[in-house]
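To start, the structure under review is shown below, and the notes come after it.
We did not get these values from a lab; they are worked out from the coordinates using the rules stated. None of these values were measured; they are calculated from a predicted model. FYI the Cβ positions are ideal-geometry reconstructions off the backbone, even for glycines, and counts take in every protein chain you see.
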Amino acid sequence: MMFWLIADIIKILIVFAGLLGAAAYLTLLERKIAARIQNRMGPMEAGFHGLLQPIADGIKLFFKEDIIPAGANKFLFLLAPIIVVIPALTTFAVIPFGAPVKIMGHTVPLQITDVNIGILFILALTSLGVYGVVLGGWASNSKYSLLGGIRTAAQMISYEVALVLSIVGIIMIAGDLSLAKIVSEQSHMWFIVYQPVGFIIYLIASTAEMNRVPFDLGEAEGELVAGFHTEYSSMEFAFYFIGEYAQMVVNSAIIVTLFLGGWQGPFLPSVLWFLIKVFFVILIYLWLRWTYPRLRYDELMDLGWKFLLPLALANIIVTGFIMILLNR
Amino acid sequence: MNTEKQENSIIEISKNFLVGLKTTIKTFFRKPVTFQYPKERLTIAERFRAFPHLNVNGDGSLRCVACFLCQTVCPSEAIKIKSGYVDYGFEHELTERQKHNRSLDKLKAGTFNDGRRHPSSFEIDLLRCICCGYCEEICPEEAISMGSDYEVAFYTRDEGIYGIEKLIKSR
């Protein structure tokens, strides 16, 4: 009993610290990759090739003045960034990040908790993120924030549908909602081979879900200053950032778990395989971000409702037919 | 002009998406063009024209003979010269008229005496200067030439007016 408690606490601490560190260093990675794609060098001053830049940014944001706008709803204004961060960090609880290891005669699964409805848990938590954005936009008492919040809400809700439907094919093939089971089902073949369309839909829809370019209408710099976080400063602003980047790590981890075989892979230790795969999916997200321009709002809605949703439905139907034909 | 909306098939659109991705990944592996400016500097071309500076002889005396050609040719009126003493040299036999020229009296004792006229002040307003190089071209004595120092900054406008000493020192 005591052993499991300690093991769980250690796992939670590792995941928590890892996620926060990854979120911090993703900002540097993003800036470096953006720089290289635009033929620049990115941050070079703080530390060797800017390696200490996230720490410098963190210290700067920590000591900045905390400005709360005059007409803002103070409680909701402070609550909103927290609502963004917590679901992003909690989602990782059900993701298996390595093969079970044997410690002192016990088999410890490298997963904080194996919920048997793992996918539903993830979907429920990721959709909570929209509340943080909407509350922050509304509580700021600023037209830019409000417009950004409204846009983001509409966008996230419409892309959520395609996101969920793109996973249904995976659930049908795996026959289980638990993520540990889904990973072990992929020991012979990654699900991306069976579900390439589902993978692409999930990639696009999750980009929209995270409010990243090309779907960053909620914070469109050109029109809305900074969208829902226009009025935020100091650590609250940093919380939005941590939330965004943690969400990116989590989404990449979900993609790896569902489509790319989770922690499975030859030769190298399983945790390393997981990290490598997550890193590559993150690189894909960054690559997409610095390639495409932002969509117009009607184009965004068209893409979500007229393209991704029918495609996801067709994907489910085709998957079902093939499974019946193969008698599985 | 064809204003009709282009018909885009899904294949065409996806092809364009991939072209974009290809372009960015190609740039990603190219060497950055950035120069870390204060640490690294671009090598300046030999013909580079920055602000003008004054040349001196080997012994440190000014080559300028205050002929006013540069002041005349300067299109932005950046150069202001005041003609100073006329120096006739030790061996020159002074005419009656030259004997009455008292301009040499102001000169400090021991000043170099080369038998030429010299400017008493020579000012270039670097804020007016357009670095066109006309002054260098027209100068008969090669006394003024374009330097390579482009990093010039001032706190006030008056600091932008360079006198003889500063013009000699600047590169």
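A crude spin-label estimate for the pair residue B:130 and residue A:20, with each label 7 Å from Cα along the Cβ direction, gives 6.1 nm. Averaged over the residues of peptide A:37-45, the number of Cβ atoms from other protein chains lying within 10 Å of each residue's Cβ is 4. Here the residues A:194, B:155, ranked from fewest to most Cβ neighbours within 10 Å of their Cβ, fall in the order B:155, A:194.
Close amide H pairs (under 5 Å, H built 1.01 Å from N) link residue B:83 with B:120, residues at least 5 positions away or on another chain. Taking one quarter of the surface of the convex hull spanned by the alpha-carbon atoms of the stretch A:2-325 gives a direction-averaged projected area of 18.6 nm². Remark: spin-label model distance residue B:142-residue A:62 equals 6.4 nm, labels positioned 7 Å along the Cα→Cβ axis. Mean Kyte-Doolittle of at least 0.5 plus a Cα span of 18 Å or more along the axis: flag which DSSP H helices in chain A meet both, please. Once both thresholds are applied, what remains is A:2-37, A:74-90, A:143-174, A:196-209, A:234-259, A:270-289, A:309-325. Legend: distances between Cα atoms for B:80/B:169; A:74/A:143; B:39/B:80; A:102/A:181; pairs beyond 25 Å are B:39/B:80.
Near residue B:147, the amide H atoms lying under 5 Å from its own belong to B:50, B:51, B:53; only residues 5 or more places off or on other chains count, and H is placed 1.01 Å from N. The stretch A:142-173 and the stretch A:1-80 have Cα centres separated by 24 Å. Build a GNM of chain A with springs between Cα atoms under 10 Å apart, and of A:308, A:123, A:260 the one that fluctuates most is A:123.
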